[in-house]
Structure formats: C-alpha cells, structure tokens
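What follows is a single structure, written as structure tokens, with notes after it.
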Protein chains: 2
Amino acid sequence: MGVGHHEAAWRHPRTEPARLADVRHYQELARIAERGKLDSVFLADGVALHGNVRHNALGGLEPLTLLSALAAVTDHIGLIATVSTTYNEPFHVARKFASLDHISGGRAGWNIVTSAGEAEARNFGIERPAHADRYARAAEFLEVTRKLWDSWEDDAIVGDRVGGLYADTGKIHAIEHAGEHFAVRGPLNTSRPPQGHPLLVQAGSSEAGKDFAARHAEAVFTAQQTLAEGQEFYADLKRRLVAHGRQPDELLVLPGISPIIGSTEREALLLEKELEDLIIPAYGLAQLSTMTGIELTEDALDRPLPDVPVETEGAQSRRKLVVDLARREDLTVRQLLGRLAGGRGHRVVAGTPEQIADQLQEWFFSEAADGFNIMPPILPGGLSDFVDYVVPELQVRGLFRYEYEGRTLRENYGLDRPGSRYATPREVAVAR
Amino acid sequence: MGVGHHEAAWRHPRTEPARLADVRHYQELARIAERGKLDSVFLADGVALHGNVRHNALGGLEPLTLLSALAAVTDHIGLIATVSTTYNEPFHVARKFASLDHISGGRAGWNIVTSAGEAEARNFGIERPAHADRYARAAEFLEVTRKLWDSWEDDAIVGDRVGGLYADTGKIHAIEHAGEHFAVRGPLNTSRPPQGHPLLVQAGSSEAGKDFAARHAEAVFTAQQTLAEGQEFYADLKRRLVAHGRQPDELLVLPGISPIIGSTEREALLLEKELEDLIIPAYGLAQLSTMTGIELTEDALDRPLPDVPVETEGAQSRRKLVVDLARREDLTVRQLLGRLAGGRGHRVVAGTPEQIADQLQEWFFSEAADGFNIMPPILPGGLSDFVDYVVPELQVRGLFRYEYEGRTLRENYGLDRPGSRYATPREVAVAR
C-alpha cells in the first residue's frame, strides 16, 4: 500500500512508486500518522504476488521487518502486521511479535489471517486447506502463541547479580502444548511482551471469521458498504461477543474507509475522477475474475455483472459484498471496477473534510463503527490531508483525542493488559 | 549476547542486563561498531531457550526483527542474522532477508544454520532430523531462496506511469521449484534485494558444514583455539572451495575471538579474573554436559574431563574442540569451564590493545583468518574498548580501513554482486 489504496494510485503524479521498497518513505508515513494521533499503522499482507504487477506497484516489504524499522523512528503509534496462521509456526510468530512489542515499547498488534488464496498455498508446497480447516488451525495456532507469550510471568526476571540469580525459573514455564496441529514445548526464548499479549486483530467476515473474532479478537477490520450493513455487522459481532462471555467493549469494530478529500466537494470529485481515469481495466478485470470465480474479459465491461456461482470455500464474504454492490446500484462491470478500484470493496467517500467527518460521525453514533481503518487513496498526500484537515475537525467535535492517552497500543485502544495464565492468582492481580 | 560473550557478563558491574530486550541498547552497540568501521553486526540465534536462565541473562530479541530496528539508525554497518533452515520455509526467509536488504540499503547477511538441538525440535513438534538430512534440507532451502531472490530481474521494474506499465512481467519469473523438501512456485512478492543476494554466512565446522560452506557460503564463522588448528581449517576450506570451482577469495574465513582488553596486560588479566570469579559452576556444568553428552555434576569440578563418547550426530565439531582443549592443556573440569565461559569454545585473548592487534595480525598473515568475529566479553565496554584502542592500532599498521569502501555489505567484504539466474546473458553483464 506504499502508493495508496486506489489501485491506480501509482500512476497519479502525487504518489512515489519508485519508493515502494524505500523504508524512509514508510517512516515518513508513520510520522504523519503519529502527528495526527492515529492509533496505529496497519499493514495488510499476503505471501504471494497478488495481482498483475504489469499494471500495479507491487512487491514491497514484509510487514514485521518493516514495522520494526518504523518502531525505531516513532514513539506512540501502534504497529499492526498481518501474518497468516496457515503458512507459519506459532513459535516463530509468537517470538517475532514479542520482539516487536519490546522494540516498540508495547505498540505491536497482529492481524490474524488464514490466507484464502491458491497462489499462497503454491508457495509452500501444499494444497490450499479447506476454509474450516484453516480456521481450526488458526484457533490452535493462536492458543499456542498466547501460551508462549504467557510462558514468562511478568515478574520472572529477578536480575540479582550479586546472588547470581537472573530469573526465577519457577515463573518461566514449558507450555507442553500437544494438540491436533501443533506440539510445542516452550518456553519462548524472548521474555514476556510489554503488553502481555500484542493486540489481536482479525479481518475476515465469513461465519468462521466472525466466530473467530468474537472469541479471540480485540479489533476487527471489516469492509462494509452501507450504513445498514455496517450496523448489522456491528450488532451481530457484539452479540456474538456476549455469547462467548466477553464484554461488548472488549472488541472494537473498525470498518475500512477510503476518504477522497478536497477543499471543496468539487475538488474531491475531480480527484476521484482523475484516479478513475487512470484505472487500467485489464488489471481490475483480473482481480474481479479472481474475486468472483468467473472469467471476465474486456467484452464484459459495459454489461451488467454476469451471474456468479455460490461457492462454499474461499473469500465468500468479499464476493457477496461485490455482487450485492453491483446489483444494488445496477452497475456495469466497468462501473463496478471503478467502485472497487478505490478500496477493493471498502467504502469510498469523496468530499470536504467536514463531509468526511460527518460520515465518520454518523457511523460512530449509529453503532456501525467504534473507529475506522483509514485507507487513503494516494500516499502520502491522502494521509496528510486526513491528518491536517479531518482530524482537527473530529477534534473540535469532541470525537478524537488531542494526545495519546497511554503508552501502549492497548492503552490507546482502552483495552486491558492480559495477565499470564501461569501466574498464581495474586500475581495476576499485580500484573493487571 | 546483549551483555557480552562471557557467560558471567551479566553479573559484571559494567554490563546492563536490565536492557536485554531494550532496542536502544542494541542501537548504541551498533553505532559503536559503526564508529569503529566494523564490517557488520552478527547475531547468533536459536529457536529454543538454551541454557539455564536461572544463572544467565537469556530471553532477548529475535534477530531479524532487531536488525531492522538497527538498520534504521545506522548507515554503513552490515547486519547478519542467524536463521535456521530446519524450522523455516524458504519463501518467508527469502522475503524477510530481501526486506532487510532493502531497508538497510544492501547491508543484510544470513548466517545459515541447521539447528542441532533437541530443544529446538520440540518447539516445532518434530523429531530432531539427522545431521545429513538437515544439511540436505539446508542445501535445497538455500537453492529455493536464491531462486526467489533472482525471481525479479534487476531491471524488471519499468515504472512507466503514463503508459500504465509498472513492471516488465517477462522479467519476473515463477521459479516452479519442485524438489525433495520443497515445492515453491514464486515469484517472491518483494522485489530484488539491492545486493542481488544478501551475504551468505555459515558457522558449522562438521564435514557436512565445511562442504556446505565451500559450496555456498561467502563467509564462515568458526571456533579455532590454536594458530595451527586455525591454519589447518583455513587451508582445508580454501582447498574445498577450489574443488567446487570457486576462487579462494570468494569465501572469507572469520574465526571468533573474545578480546579481554586492558590498558596494561595486568589490567586485562585482572578483568579476566574478575569475570572468572563471577562464573556460576552449575551453569557451565549444564552447558558442558549438553555439549559433551555426559552428565557432569559439581563432584567432577576438580578432576579431569571424563572420557567422552564419540557420536555420529549433532554438534560434533564443537565437542571435539572442547575435548581437545581439555586434553591438550590438561585442564580440570573447573578450569575448562573457565576457558569455555569466555567464548563458548571460541578463543579468548587477554592483553593490551597492541597485544590483541598482534594476535589478529599473526593469524591474518599466517593464513588462519581473513578477518575475525569479535566477541567482546562484556558489552558495551568491551566493544568500545576494541573500537577505541584496537581498531586505531590496526589502522596505523595498515591492517584495517579508515573508511567503509562501499555502500553495501558485499562491497565492504569485496565480494561480487550476483546477477539473476533468469536474466539473459546481456542483462547479467549489465547487472554485474
């Protein structure tokens, strides 16, 4: 996403595709976001080259490696990386996030994904696992990871040089996990993360995805096109949360939104049009073909979207969103491509800073969102416009912070710090 | 290694064990090393909690995550991370090193290890693979990784915004690897690393390890106690290199050395004694028991090392080194522990800056070393002493640089930049 979330962003004169693998570019973006007091940087990811690199700026940096370099030049902003549970080992993932949490002073977050794609499976020499299997593995993966983060109790390190006692080994635990997918002895060889557990984020909207989120996640990144859909998703997720014995405020719902900002509405619409004119239909057609599972060619551009078969596997929820959007607004394939190019299924809103703020406010007060994942169409300009014009508008309305409330990502999200499961009750009380 | 390479370093008043997971501590160390124009930072690693954390400062940060944060605050120094081929997937490792290479502007290096330990296997739910199997996997792992680094040719990115052509997809290749251990389609989803391939380092000294190094590595980190052994290892490796059709200068031999530096010889010996007095015998005994495969208790401390069985598996070369050392110098177990505590089998030299420089010079001119892996007994003091007193001594002798010669780690090592195997001949010529 180094150039922006609009698929044609790289062609726009206000972006810098030549800096796609330049860490200083991302450090500048992180500093802009921190200037705007945003909660966190969120890096999407996949472990395959998705999309046609002929027509888009792809091939950037691996998120965990990148976030560590961003931690070094920021002080407050959270750092959320997407890592798949399907093609990894919990020991590595627990250790890397624990390390990032230490390096950032408690600002790490993990966006847990299960990797729906065929292309990813092919990079790891396995058949693409079925949807249910991926989620079963994800649940056990997360369980192991949490045990490893708990394996060092908060007060395990004594550091008595004179007595020669570095750590109380009664407070460092082998986890002895033996499950269906993993057998892991532990303990972790990185001490307990400052946040206890890095923040847990989830982004799938399938049934299994929502169930996983309601059980485990603390923030959900979701694509919702209309207020009604957003409200329905929000209410559904909060209901599921309660059914799992959790409080509604233990999980934050964060719909994606791509704000196209202008100093006037006309200017915003011009920028939107300018980006639309840069779209390469062949690129979007290939994406849409993958998303819908039907082969679409240039002949289809000015006709309605053909019937799309219902499948039982894969990224179903995104497919449904796309088909619903095309039907609801009676779009041709070309028009649909234009709508999707903005945020790959996420809501696109063009307008003045006040109009953008109105939208965010409406969703927030209508129980469709606890916050938002801001996906600027172009970077860095779209982010600095948001920070410089929309954030102050939200601040004067009393809807956004002037300063970070806490030191860690959890504190800024208003979430508890988990104690270690291996601690005796008294120690849990101290840790919290 | 945050407190130093002496196993009792954490108890010494000039170290800071409380900063073991503090990134700023490592950033300071990297800046000191860079001030001294050292080639690189080298981070050893394992994927289990090795050693008894009751008596040593363990549980620090994961190397790749840490090095990325060091890249952000340094400009010249190389960044070498140890990553195992036994418990990883080549796609992830290729991508993370490619990312680190981009982030650091071409300063990444990979120390390739195969993880001999039982404890590591238990964290990944598998039986510890046999020595030969680990090296067979390592060879194929590296082959896949290199193919992935080559999958984007150097001139694949076109970046033509007006024409809408981001990359020439004729120069981005699926690698279609199908081998005994891995099936990986590719291409990588991170563009070609600045160095072509990050620097390849190897550290095992078994027969299989030396063969692997002679085929693939560009630097070897090795433990050699005496000049004669060092010369033999050096000559053997360079011979093997030639047998594989490589030039002798395509691989640098870098023995480890732990310099205990004093402004007088007496001061150096006092520091050595001071550290020796801080050794906790129980800690070293446990390490030595693991290393030799025989159970050693405190009763054994003042007797010679018992007979050690020869095994066909595991870290044989280190075991032989330890037994040879005990026999050659007729050491009791307690004395052996003292010798090993300094550098876990690496050579320890106590003396003035001139005496340390003499030793380095002797090994260098006697064809026992192309360079050294400097393992300060205590950090940061042992490193700043080396940089401030030994480096200038080497410089006036004409043995060490005053300024970095190049921009990348390869350039500073005097090694070629590999071209992409997928490039047509003319393009290889351009790339080199």
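From the alpha carbon gyration tensor of the range A:95-209, can you work out the equivalent ellipsoid semi-axes (sqrt of 5 times each eigenvalue) and give them in Å, largest to smallest?
33, 16, 12
For the range B:108-265, give the share of DSSP beta bridges that are antiparallel, in percent and rounded to the nearest 5; count only bridges with both residues there.
Close to 35 percent.
Would you calculate, for the protein assembly as shown, the mean residue ellipticity at 222 nm contributed by helices, counting each DSSP H stretch of 4 or more residues as -39,500 (n - 2.57) and dividing by all residues, to the nearest 500?
Helices in the protein assembly as shown give a 222 nm mean residue ellipticity of -12000 deg cm²/dmol.
Just how far, in whole angstrom, is the range B:198-226 from the range A:175-242 if you go by their alpha carbon centroids?
43 Å
Between A:Asp358 and A:Arg24, how many nm apart are label points set 7 Å from Cα along the C-beta direction?
In this crude spin-label approximation the distance works out to 4.2 nm.
Quick check for me: using +1 on Lys/Arg Cβ and -1 on Asp/Glu Cβ, what's the dipole size of the range A:92-151 about its Cα centre, in debye to the nearest 20?
Numbers: 9 positive and 8 negative charges, 36 e Å.
Here the size comes out at about 180 debye.
Along the charge dipole of chain B, Cβ charges K/R +1 and D/E -1, which of B:Gly109, B:Leu340, B:Thr297 sits furthest on the positive end?
Toward the positive end, the furthest listed residue is B:Gly109.
Mind checking the mean number of beta-carbon atoms from other chains within 10 Å of the Cβ atoms in A:67-75? Before the final figure, lay out each step's value.
Values: counts 3, 15, 13, 3, 5, 9, 3, 0, 0.
Per-residue shielding by partner chains comes out at 6.
For the protein assembly as shown, build the charge dipole from Cβ charges (+1 Lys, Arg; -1 Asp, Glu) around the Cα centre, then report which of B:Tyr234, B:Phe182, B:Val391 sits farthest towards its positive end.
B:Phe182
FRET efficiency for B:Val158 and B:Arg421, Cβ-Cβ distance as r, R0 = 22 Å, nearest 0.05?
0.55
Could you report the buried accessible area between A and B, both sides summed, computed with a 1.4 Å probe and given in Å² to the nearest 100?
Separately minus together, A and B give about 5700 Å² buried.
I'd like the distance between the alpha-carbon centres of the range A:318-347 and the range B:104-162, rounded to an integer number of Å.
Cα centroid of the range A:318-347 versus Cα centroid of the range B:104-162: 40 Å apart.
Within 10 Å of each Cβ in A:104-111, how many Cβ atoms from other chains are there, averaged over the peptide?
1
Under a crude label model (7 Å from the Cα following the beta-carbon direction), how far is A:Arg246 from B:Leu165 in nanometres?
With each label point 7 Å from Cα toward Cβ, the separation is 4.9 nm.
What does the structure give for A:52-58 when I average, per residue, the other chain Cβ atoms found within 10 Å of the residue Cβ?
6
Tell me, in nm to one decimal, what length is gained between B:His50 and B:Ala235 on full extension, where the rule is 0.36 nm per residue of separation less the Cα-Cα distance?
63.3 nm
Quick check: at a probe of 1.4 Å, how many percent of the accessible area of the protein assembly as shown sits on carbon and sulfur atoms? Intermediate values should be presented prior to the final figure.
On the way: 16540 of 33370 Å².
Carbon plus sulfur share of accessible area: 50 percent.
Applying a 10 Å radius around every beta-carbon, put B:248-258, B:65-75, B:210-220 in order of their mean neighbour count, most first. If you can, show how the numbers build up before the last one.
On the way: B:248-258: 20.6, B:65-75: 24.4, B:210-220: 22.2.
Ranking the peptides B:248-258, B:65-75, B:210-220 by packing returns B:65-75, B:210-220, B:248-258.
Mind grabbing the base-10 log of I(q)/I(0) for the protein assembly as shown at q = 0.05, 0.07 Å⁻¹? Debye formula, identical points on the C-alpha positions, no solvent, two decimal places.
-0.29, -0.56
Percent of Cα-Cα pairs more than 28 Å apart in chain A, please.
Tail of P(r) above 28 Å: 50 percent of Cα pairs.
Let's see if you can work this out: charge +1 on each Lys and Arg Cβ, -1 on each Asp and Glu Cβ, no other charges. What is the dipole magnitude of chain A about its Cα centre, in debye to the nearest 20?
780 debye
Using the beta-carbon distance between B:Glu267 and B:Gln395 and R0 = 25 Å, what value does 1/(1 + (r/R0)^6) give for FRET efficiency, to the nearest 0.05?
Result of the calculation: an efficiency of 0.65.
Grab the beta carbon distance between B:Thr297 and B:Glu180, set R0 = 30 Å, and tell me the FRET efficiency rounded to 0.05.
0.10
Once you keep just the Cα pairs under 8 angstrom separated by 6 or more residues, what percentage relative contact order results for the range A:1-102?
30 percent
Under 10 Å from the Cβ of B:Gly256, count the other residues' Cβ atoms, weight Lys and Arg +1, Asp and Glu -1, and hand me the total.
In short, +2.
Using Cα-Cα distances under 8 Å and only pairs 6 or more residues apart, what relative contact order does the range A:105-196 have, in percent?
28 percent
Using a 7 Å offset from Cα along the direction of the beta-carbon, what are the separations from A:Thr169 to the same position in each other copy, nm, ascending?
Relative to the other copies, A:Thr169 has label-point distances of 5.8 nm.
Return the percentage of antiparallel bridges among DSSP beta bridges fully within chain A, rounded to the nearest 5 %.
20 percent
Considering only the protein assembly as shown, what is the antiparallel percent among its DSSP beta bridges, to the nearest 5?
Close to 20 percent.
Report, in debye and to the nearest 20, how large the dipole of the protein assembly as shown comes out about its Cα centre when Lys and Arg carry +1 and Asp and Glu carry -1 on their Cβ.
120 debye
If one takes the longest principal axis of the Cα atoms in chain B, at what angle in degrees, from 0 to 90 and to the nearest 10, does the Cα axis of helix B:23-35 lie?
90 degrees
The values are calculated or read from the model by the stated rules, or taken from the named source; none is laboratory data. This structure is a prediction, so every number in the text was calculated from the model and none was measured. Glycine gets a Cβ as well: all are built from the backbone with ideal geometry, and neighbour counts include every protein chain shown. Areas reflect the complete protein model, heavy atoms only, side chains present, ligands, DNA and RNA absent. Shrake-Rupley method; radii C 1.70, N 1.55, O 1.52, S 1.80 Å.
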